[in-house]
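A short worksheet on the structure shown next.
No lab work stands behind these numbers, since they all come straight from the coordinates. Since the model is a prediction, treat every value here as computed from it, not as a measurement. Ideal geometry is used to build each Cβ from the backbone, glycine not excepted, and the neighbour counts take in all protein chains shown.
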Amino acid sequence: MRLQRGFLLLIVPLFLLLAGINGALLYVWEQAEAERGLEKQALAAAVALAAFADDPDDLILRLKEPHRAEALRRAIAQAPGLRGVYLVRSDGRSARIAGAYPMQDLGPVRRPDKPIAMSRSHGSAGRAVTSALAPAGKDAFVVAQVDAGPLMARASMLRRVLTALLLAAGALGMLLASLTARRIARELSRTSTAIKALETGAPLDKVEGFRLRETRDLALAVRLMQTSVAARLARGGHDLARRDRLRTEDRAAKIYRNGAFPPVVATMGGATIAVRALGEAPAGSFHATCSTRNHGALVIGECAADTPGEAVALALAASRFLTDHMLDGAPEARLKEACAAFAIARFDWLIWPAEAPPPEPRAAAVLDGGKAGQALEYVHRAATLEPEAVIEEIEALFPVDGLIGVVRASAEGGQR
């Protein structure tokens, strides 16, 4: 399945679903609020008239008086949509008290004990009304009916608007899905071309459209997925080792080493330093940073020993020694002493003046794997990135094991 088709099948239904749910909720809420308003209006009219109808016969006689009838007509005029108010006796006889329309049939109803509103109904002419009943006297009740036609018209208009919005959401989803799929496919193609160029040693400057920002975004996404999977596998492996007593000395040493040498992002000697273990770093790998008023230094190394536990112990001692004494005198002499004292099998190091730290990323690394050389070459190509971002991209693009540190002039250092 093409990437664009997959995005269309995923995003368009999602847009339609979200728009449909929101539209349905809006429609139901608006309809319920409007019906509640009509019911309250009908109840108010029914209750107001029922309050004066303890004696229905007397009420009808009094309303025949011209001034009372005129007052009632003015009151009815203040209630928009009120079709009429009717007095209904227990024997079924009814009389129109106010309004210009006859009472629509409500079906079999009895005198209620308290004021109630009835669901919307349609008369023989198809006119929708909302009715309310209120008890009046001992054997009668008042019926007030409010025209629900405007509510029906508003609901119909709302349905048309929501349908249009639903279609617009589908069209917008198709457009966004198409644009997103094309952009992702283009960037994946560029990144794939760049990776192939790195593998073959071709210069990246000739790779059309290669941009580090897209690579960094992809690297971060890949790293997030790798971290999630690695964390889950680590939890599963830890549980298995604890149950079956399968934890070996090498495994325990590497776990301890990872805790003793966590990832580092720091500023010293006018430069920003980032150090991180990649893949399965050896148990004896270590890093040390040192700075004075005039210089900064970074050492990446690996100690060799007969057992993993001894390698970790030597790595810790070597790191402490170089952190404290690397810049005491000649750095080469201190490194030679450390190699002899702590069985350092291999190392890489950087030193720079605090007044002029490297303006572009430089790396010190002890790496294993077929891509180690290409990973270090990548550092020189990533001239615009911060050290931590360079390592993140290397971790995502190259399968290497070991320890790497990247140094570049910090913003504070560049302002001196």
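Would you please give the residues with an amide H less than 5 Å from that of ILE273, counting only those at least 5 places away or on a separate chain, with H modeled from the backbone geometry?
Residues meeting the amide H criterion: ALA266, THR267, MET268.
Determine the dipole magnitude for the range 296-416: charges of +1 sit on the beta-carbon of Lys and Arg, -1 on that of Asp and Glu, nothing else is charged, the reference point is the Cα centre, and the result goes in debye to the nearest 20.
260 debye
Around LEU322, what is the net charge, scoring Lys/Arg as +1 and Asp/Glu as -1 over all other residues with Cβ under 15 Å from its Cβ? Walk me through the intermediate numbers first.
Numbers: positive: ARG320, ARG334, LYS336, ARG346; negative: GLU302, ASP324, ASP328, GLU332, GLU337, ASP348.
Net charge around LEU322: -2.
Per the Kirkwood definition applied to all pairs of different Cα atoms, how many angstroms is the hydrodynamic radius of the range 249-414?
15.8 Å
What nm value, rounded to one decimal, do you get for the distance between VAL265 and HIS325 when each label is placed 7 Å out toward the C-beta?
3.4 nm
Sort 304-312, 260-268 for me by packing, meaning the mean count of neighbouring Cβ atoms within 10 Å per residue, highest on top.
304-312, 260-268
Karplus couplings for the range 319-325 from phi (6.51 cos²θ - 1.76 cosθ + 1.60, θ = phi - 60°), rounded to Hz, Gly and Pro as x?
Going residue by residue, I get 4, 5, 4, 6, 4, 7, 10 Hz, with x marking Gly and Pro.
Roughly what would the spin-label model give for THR248 and ARG110, points 7 Å off Cα along C-beta, in nm?
8.8 nm
Pull out the extension gain between ARG96 and ASN294, defined as 0.36 nm times the separation in residues minus the alpha carbon to alpha carbon distance; nm, one decimal.
Working: separation 198, 0.36 × 198 = 71.28 nm, distance 10.36 nm.
Full extension from ARG96 to ASN294 adds 60.9 nm.
Going by amide H atoms built from the backbone, whose H comes under 5 Å of the H on ILE97, apart from near neighbours?
Hits under the 5 Å cutoff: VAL85, TYR86, LEU87.
For LEU278, enumerate residues with amide H under 5 Å from its amide H, sequence gap 5+ or separate chain, H modeled in the peptide plane.
GLY402, LEU403, ILE404
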